[in-house]
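Colleague: Questions regarding the structure given below will be posed in turn.
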Amino acid sequence: MNLMNLFDASLVGRKDADALEFNGILYTFGEINSRANRMARLLKLRGLEKGDRLCVYLENSVTFIDLYLAAIKLGVIFVPVNILYKEREISHIYKDAEPKAFIANGEVPGVPIIWDVNEIALEALTLPDEAIHSNTNGDSPAAIVYTSGTTGASKGAVLTHNNFIANGVNLITCWQFTDKDRLLLALPLFHVHGLANGIHCWLMSGCKLRLQERFEHQKAAQWFDEFKPTVFFGVPTVYVRLLDQPMSVSGVIGKNTRLFVSGSAPLPPQVFVEFKEKYNGHVILERYGMTETLMNVSNPYFGERRPGTIGFPLPGISVKIINHDGKEVAIGEEGEVHIKGPNVFSGYWKREEATKDAFVNGYFKSGDMGEISADGYITLKGRKSDLIISGGFNIYPREIEEFLLEQNTIDEAAVVGMPHEMRGEVPVAVVVANAEFNEAEIEQKLKDSFASFKIPRKIIKVDKLPRTALGKVQKHLLLQLEQAK
Ligand code: MLC
């Protein structure tokens, strides 16, 4: 089975039902399907074939959905590119994914040929609405989503139709989605949270979706009031923002909502508690996932949603907690979270070694530390790697450190995550610089090269970086140094 077989339950089976609200326009599932058919025809006419990569660098829109569905229909591999990315990040993805086409709104530095989204959208409308089928199956790659820069630059996680199907079916079952639901989605579709959870739960359940270009906390109460969502997905920063809303909206947000889900970064227990107090007893359901595995673990829909924990492994998913010696730990002991299941990606695009390194005994090594309680709840205990998560966006320090070290005024550099009330963490750079160092110049270069969430909030100059006897930078000491200020 491929994804279209499941999406057709809504696109064909519920063709006259209301499907999507975007920018005040309402679309039925039939309309969404014919837009996707026309777009698929256009991509085919322009030479895209099964297995080709299609990069899409766009904000949330109906055309984004058209392109995604068209790619799925054709067996073309969809490569979403974070809209906040700048030249250095984009050109890496462009070179690595070797796409047949790159679709964007206007010019993109680092990409020689762009297909303009407005032209594409208009041209597609002139084409016939005839279904196109590819002979993709569950093992065919559906998307490559770029993530983790442990080697300095991001790697493409190849996600198959089966990975997405396992994820969607699990969430619909465990979170009790039906066609009566109304999902308010303000997360970016270029990440798996918005795409694999948001778009797939919508299309597989046949519920109604209201899509926003992006989350804007000033407008959240109005959206809840107008759309009356039954389900809402957010990252912790979104919930912190909702807590900031005036008391007068506490009756509006969540009035019709049966489920608030949080993920992509740890939800502080305090936010869980305050949200419940402010929003009429709503208990946020925290779940755990990552690009390479989609969703792994979730607090229960029925039963206790325990603050500070991520709950139980989702159906069909095995989780082991493994210690330094590669042995499974006892209840309540800490180790690395290893994951196996139909949700786990097939590997990194063109990176055999990195793929091999990512697994042990058939389990994916998450890089997150955790423990399991006697009654089965999993609690995350920090990370093995030095990944920083800011507002739900991942930052790999190595990528920024390599850039800083390329500057001839910087001799040593380390980037660490500093706790931040709103965003969870923000990056801070600690450098050993020479006499020519010019902070304003480096800041400008960083801004030209990286997405805004990756820019260090501060650049701290030190005489030397604390290192172990083996020369490894002791990042925890840098954080203490910063916090002591
Ligand atoms: C954020 N910005 C965006 C944007 N989101 N710009 C365009 N489109 C978007 N979707 C930029 C803003 O321009 C601004 O840049 C900065 O980010 C902060 O914006 P803000 O208005 O202050 O937003 P804020 O209220 O703080 O909320 C930020 C946020 C955003 C929560 C909306 O961080 C966000 O959308 N996060 C979700 C990330 C996500 O989906 N992660 C899932 C990864 S998948 P500037 O230049 O002013 O700083 C994954 C697996 C899993 O991890 O388990 O889910």
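The values are calculated or read from the model by the stated rules, or taken from the named source; none is laboratory data. What you see is a predicted model, and the numbers here were worked out from it, not measured in a lab. Note that we place each Cβ from the backbone using ideal geometry, even for glycine, and neighbour counts take in every protein chain shown.
Colleague: Restricting to segment 352-388, name every residue that is crowded, with 17+ Cβ neighbours inside 10 Å and over 21 Å from LYS327 (Cα atoms).
Modeller: If the condition is that a residue be crowded, with 17+ Cβ neighbours inside 10 Å and over 21 Å from LYS327 (Cα atoms), then THR355, ASP386, LEU387, ILE388 are the ones that fit.
Colleague: Hey, another quick one. Which condition number does THR230 fail, the rest of (1) crowded, with 22+ Cβ neighbours inside 10 Å; (2) away from the ligand (no atom under 11 Å from the Cβ); (3) among the β-branched types (Val, Ile, Thr) being met?
Modeller: The one condition THR230 does not meet is (1).
One line per residue, one yes/no per condition, for (1) basic (Lys, Arg); (2) farther than 20 Å from ILE389 by Cβ; (3) outside any helix (DSSP H, G or I); (4) within 16 Å of the ligand (Cβ to nearest atom):
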position: GLU401; (1), (2), (3), (4): no, no, no, no
position: LEU404; (1), (2), (3), (4): no, yes, no, no
position: ALA413; (1), (2), (3), (4): no, yes, yes, no
position: MET418; (1), (2), (3), (4): no, no, yes, yes
position: VAL432; (1), (2), (3), (4): no, yes, yes, no
position: GLU441; (1), (2), (3), (4): no, yes, no, no
position: ASP448; (1), (2), (3), (4): no, yes, no, yes
position: PRO456; (1), (2), (3), (4): no, no, yes, yes
position: LEU477; (1), (2), (3), (4): no, yes, no, no
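Colleague: Now, a different point. What residue, of ASP116, ASP181, ASP129, is acidic (Asp, Glu), assigned by TED's automatic domain parsing to the domain that holds ALA97 and surrounded by 17 or more Cβ atoms within 10 Å (Cβ to Cβ)?
Modeller: Just a single option satisfies the conditions, and that option is ASP181.
Colleague: Taking the condition of being of a type in the set (A, V, I, L, M, F, W, C), assigned to a helix (DSSP H, G or I) and in contact with a Ser or Thr (Cβ under 9 Å, 6 or more places away or on another chain), how many residues in segment 115-147 meet it?
Modeller: Selection size over segment 115-147: 4.
Colleague: Restricting to segment 320-368, name every residue that is in a strand (DSSP E or B) and hydrophobic (A, V, I, L, M, F, W, C).
Modeller: Once the filter is applied, which keeps residues that are in a strand (DSSP E or B) and hydrophobic (A, V, I, L, M, F, W, C), segment 320-368 yields ILE321, ILE322, VAL337, ILE339, PHE359, VAL360, PHE364.
Colleague: Give the residues of segment 270-292 that are of a type in the set (Val, Ile, Thr) and out of contact with any helix residue (DSSP H, G or I) (no Cβ under 8 Å at 6 or more places or on another chain), sorted by residue number.
Modeller: Scanning segment 270-292 gives a single hit, VAL273.
Colleague: Could you check segment 389-399 and list, in sequence order, the residues that are part of a helix (DSSP H, G or I) and either surrounded by 21 or more Cβ atoms within 10 Å (Cβ to Cβ) or within 16 Å of the ligand (Cβ to nearest atom) (or both)?
Modeller: Result: PRO397, GLU399.
Colleague: Counting only residues that are within 12 Å of the ligand (Cβ to nearest atom) and within 24 Å of ASN197 (Cα to Cα), which one in segment 244-268 is surrounded by the fewest Cβ atoms within 10 Å (Cβ to Cβ)?
Modeller: Restricting to residues being within 12 Å of the ligand (Cβ to nearest atom) and within 24 Å of ASN197 (Cα to Cα), the top hit is ALA265.
Colleague: Yes or no: segment 296-319 includes at least one residue that is polar (S, T, N, Q), modelled with pLDDT under 95 and closer than 28 Å to LEU242 by Cβ.
Modeller: no
Colleague: Working only within segment 73-89, note down all residues that are in contact with a strand residue (DSSP E or B) (Cβ under 7 Å, 6 or more places away or on another chain) and within 16 Å of the ligand (Cβ to nearest atom).
Modeller: Answer for segment 73-89, where residues must be in contact with a strand residue (DSSP E or B) (Cβ under 7 Å, 6 or more places away or on another chain) and within 16 Å of the ligand (Cβ to nearest atom): PHE78, VAL79, PRO80, VAL81, ILE83.
Colleague: When PHE437 is evaluated against the numbered criteria (1) within 16 Å of the ligand (Cβ to nearest atom); (2) surrounded by fewer than 19 Cβ atoms within 10 Å (Cβ to Cβ); (3) of a type outside the set (Ser, Thr, Tyr), which criterion, by number, is the only one it fails?
Modeller: Only one criterion is unmet by PHE437, namely (1).
Colleague: Conditions first: (1) within 16 Å of the ligand (Cβ to nearest atom); (2) part of a strand (DSSP E or B); (3) not β-branched (Val, Ile, Thr). GLU371 passes all but one, so which condition is the exception?
Modeller: (1)
Colleague: Taking into account only those residues within segment 75-94 that are buried (at least 24 other Cβ atoms within 10 Å of the Cβ) and aliphatic (A, V, I, L, M), which is farthest from ILE25 (Cα to Cα)?
Modeller: ILE93
Okay, residues lined up against (1) acidic (Asp, Glu); (2) at negative phi; (3) in contact with a Ser or Thr (Cβ under 9 Å, 6 or more places away or on another chain):
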position: SER34; (1), (2), (3): no, yes, no
position: ASN37; (1), (2), (3): no, yes, no
position: GLY47; (1), (2), (3): no, no, no
position: TYR57; (1), (2), (3): no, yes, no
position: LEU67; (1), (2), (3): no, yes, no
position: ALA71; (1), (2), (3): no, yes, no
position: GLY75; (1), (2), (3): no, no, yes
position: PHE78; (1), (2), (3): no, yes, no
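Colleague: If we only count strands (runs of 3 or more DSSP E) wholly inside segment 1-114, which ones have 3 or more residues that are within 21 Å of ASN167 (Cα to Cα) and in contact (Cβ under 8 Å) with a residue 40 or more places away in the chain?
Modeller: Fully inside segment 1-114 and qualifying: 77-80.
Colleague: Output the residues belonging to segment 374-388 that are part of a strand (DSSP E or B) and more than 20 Å from LEU479 (Cα to Cα).
Modeller: ILE378, THR379, LEU380
Colleague: Which one is farthest from the chain's Cα centre (by Cα), of the residues in segment 458-475 that are assigned to a loop (DSSP other than H, G, I, E, B) and among the basic types (Lys, Arg)?
Modeller: So, considering only residues that are assigned to a loop (DSSP other than H, G, I, E, B) and among the basic types (Lys, Arg), the one farthest from the chain's Cα centre (by Cα) is LYS464.
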